[in-house]
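What follows is one structure encoded as structure tokens, with my remarks underneath.
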Amino acid sequence: MRVDTVEKRTEAERVLKTLLQELDFSQILELVTTAKNDILIPLSIFDTPLHPAEALYKYLRENERLSNQDIAELLDRDQRSVWASYRRAKKKRPQHFLKKRERYQFNINLFRNRQFSILESIIYYLHTVHRLRTKEMARLLGSSPNSTAVLLKRAKVKHGKK
């Protein structure tokens, strides 16, 4: 086993022991099942010429094999707009997104809050959780640092932070 794998296993065992003190086994099993079924969205799908919603819906339809109705319910969107966006995305980019292991992934629930645009949610998450700078986020998203900074500022204002 590699060192990082051993460290991860040791950390997981420590967390599990702590959980076992607080919860019974059935509660832990429910948590694991819920976490395993959560859909993770890779950052790389947003570094395409597609609109962020188009990229997200295309990924969910083709890679996660969800129906338009499932996507609409998951993201609190109208099923017709999901269908239209997916159709546009398929015309612009016929090939599927490649599934690969990525450093930055987002839980599908990040995109449920309609108060924030998809990019605002992504940029705010990368800034607050991963402490990425505007320049780095712009590089990852294939956009300009200025537009990334504007999106971050809007997200902070909406979150009530200066």
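Overview of values
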item: Distance from segment 34-83 to segment 123-162 (C-alpha centre basis), Å; result: 21
item: Coil-residue trypsin sites (Lys or Arg not before Pro) of segment 29-131, DSSP, other Cβ within 10 Å capped at 14; result: Arg65, Lys99, Lys100, Arg101, Arg103, Arg112, Arg114, Arg131
item: Listed candidates (1) 161; (2) 108; (3) 127 - label of the one calculated as volume of the Cα convex hull per residue in Å³; result: (1)
item: Of Lys90/Lys135; Lys135/Lys158; Lys8/Lys99; Lys135/Lys156; Lys8/Lys100, pairs whose Cα-Cα distance is over 28 Å; result: Lys90/Lys135
item: Full-extension gain in nm, Lys158 to Asp78, via 0.36 nm per residue minus C-alpha separation; result: 26.5 nm
item: Fluctuation leader among Pro42, Pro145, Pro94 - the chain, Gaussian network, Cα springs under 10 angstrom; result: Pro94
item: Total charge dipole magnitude, the chain, about the Cα centre, Cβ charges on Lys, Arg, Asp, Glu only, Debye to nearest 20; result: 960
item: Cα long-axis angle, helix 118-129 against the chain (0 to 90 degrees, to the nearest 10); result: 40
item: Fluctuation leader among Ala72, Ala55, Ala12 - the chain, Gaussian network, Cα springs under 10 angstrom; result: Ala12
item: Helix axis angle, 25-37 relative to the chain longest principal axis, alpha carbon, degrees; result: 30
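Every number in this text was worked out from the coordinates using simple rules, so none of it is lab data. These numbers were taken from a predicted model, which means no experiment stands behind them. All Cβ positions, glycine included, derive from the backbone under ideal geometry; neighbour counts span all protein chains shown.
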